[in-house]
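Just below is one structure, and these are the notes that go with it.
The values are calculated or read from the model by the stated rules, or taken from the named source; none is laboratory data. Predicted model only: the values in this text are computed from it and were never measured. A quick note on method: Cβ atoms are made from the backbone with ideal geometry, for glycine too, and the neighbour counts reach across all protein chains shown.
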Amino acid sequence: MSSKYDDQAKYDRPRRRTRPRTKDRPSYDDAPVGRVVTIDRGRYTVLVGDGADERVVTTMKSRSLGRQAVVVGDEVRVVGDVSGTNDTLARIAEVQPRRTVLRRTADDDDPVERVIVANADQLVVVTSLADPPPRVGLIDRCLVAAFDAGIDPVVFLTKADLADPAEMVSLLQPLDVVVVVTRHDEPAGSALDDVRDQLRDRTSVLVGHSGVGKSTLVNALVPDAERTTSHVNAITGRGRHTSTSALALRLPGGGWIVDTPGIRSFGLAHVQPDNLIRAFGDLQDASMDCPRGCTHAESEPECALDLAVTAGRVEQARVDSFRRLLQSRDAPDY
């Protein structure tokens with residue numbers, strides 16, 4: 001490795017009451033690029049290289065990055081010992097521009113956004129049809145976050161052997177969301193064919209509340225993942241958190257999945273109605289005739305979406321579904 005990476009102290013952010021030693025900043029253009037696959041207590045596991053040259057490198061974050069967060073899915077430039085051998089530690093020197101960012105807030109009153117994963121192009125909402133029953137509010141909130149981030153949303157309905165999926169499929173149909181239904185009582189190969197087809201050659205982040213079978217699904221897709229599974233509490237109807245950190249896994253057939261810890265809430269304080277409607281081209285066109293400040297809610301007396309329905313330019317079911325997503329921003333996610 002070039003010696004210009006060795007002495008980083010003089011480039012770090014100066015301590016209080018000191019002056020920077022130089023305004024010249026190092027260039028990392030020839031440093032290898034890796035993908036952050038998991039984070040644990042300040043240590044970042046990064047995959048560096050391709051094919052036979054790929055290696056797992058343990059890294060830390062450079063002080064020069066300041067408070068900039070590094071998240072799973074980030075593409076980063078790594079300096080130092082990138083051999084990947086035991087007891088070595090490299091350093092993340094630079095985070096590459098992100099193509100997409102999936103974020104949420106802890107609750108609807110929390111102004112602090114938390115990035116879940118970077119550079120995903122597909123959000124997979126995993127929900128069971130029974131044991132525990134689906135939480136429609138949480139599904140809607142995840143869809144809102146996906147539309148806001150410009151990420152394609154998909155819903156995987158698990159445990160179809162325990163409940164009929166028809167109602168949930170009908171609820172999601174007007175939103176043009178891809179829905180994949182799986183059963184626990186089918187052979188693993190045939191039950192997962194549609195799932196594998198949907199995930200192939202994509203970077204997909206899996207989200208869902210605890211106990212819906214997310215870790216079970218990950219283990220079926222990536223047999224050596226060894227994600228811990230758990231049962232659902234018969235009294236509360238909720239599962240316990242088995243995945244404690246996000247983990248990116250390469251799929252055998254091509255593509256990546258990012259398994260995330262089970263969530264109990266999905267705050268949307270960062271999402272504005274105008275950002276959401278951009279994901280619905282037909283409704284956005286119709287909303288151009290809305291008066292200034294229109295929120296597109298059902299209570300708006302002069303919303304152009306209602307006029308478009310009357311004129312036959314958009315479907316009532318699609319407007320209703322869009323407004324359900326809008327309402328989910330202000331309603332509990334259960």
- Item | Elements of type strands (runs of 3 or more DSSP E) in the range 85-147, at least 1 residues being farther than 24 Å from L325 by Cβ and modelled with pLDDT of 85 or more | 90-95
- If you check P187, P153, which single one turns out to be outside the structural domain of G34 (by TED's automatic domain parsing) and at pLDDT 85 or above? P153
- Residue set G73, G34, G49; condition modelled with pLDDT of 90 or more and in contact with a Pro (Cβ under 9 Å, 6 or more places away or on another chain); output residue G49
- When the range 139-151 is examined, which residues are found to be within 20 Å of R98 (Cβ to Cβ) and either free of Cβ contacts under 8 Å to residues at least 40 places away in the same chain or among the small types (G, A, S) (or both)? A145, A146, A149, G150
- Select from the range 26-73 the residues that are of a type in the set (S, T, N, Q) and in a loop (DSSP other than H, G, I, E, B) and list them in ascending order. S27, S62, Q68
- Just to be sure, is V76 in a strand (DSSP E or B) and either in contact with an Asp or Glu (Cβ under 7 Å, 6 or more places away or on another chain) or surrounded by fewer than 16 Cβ atoms within 10 Å (Cβ to Cβ) (or both)? yes
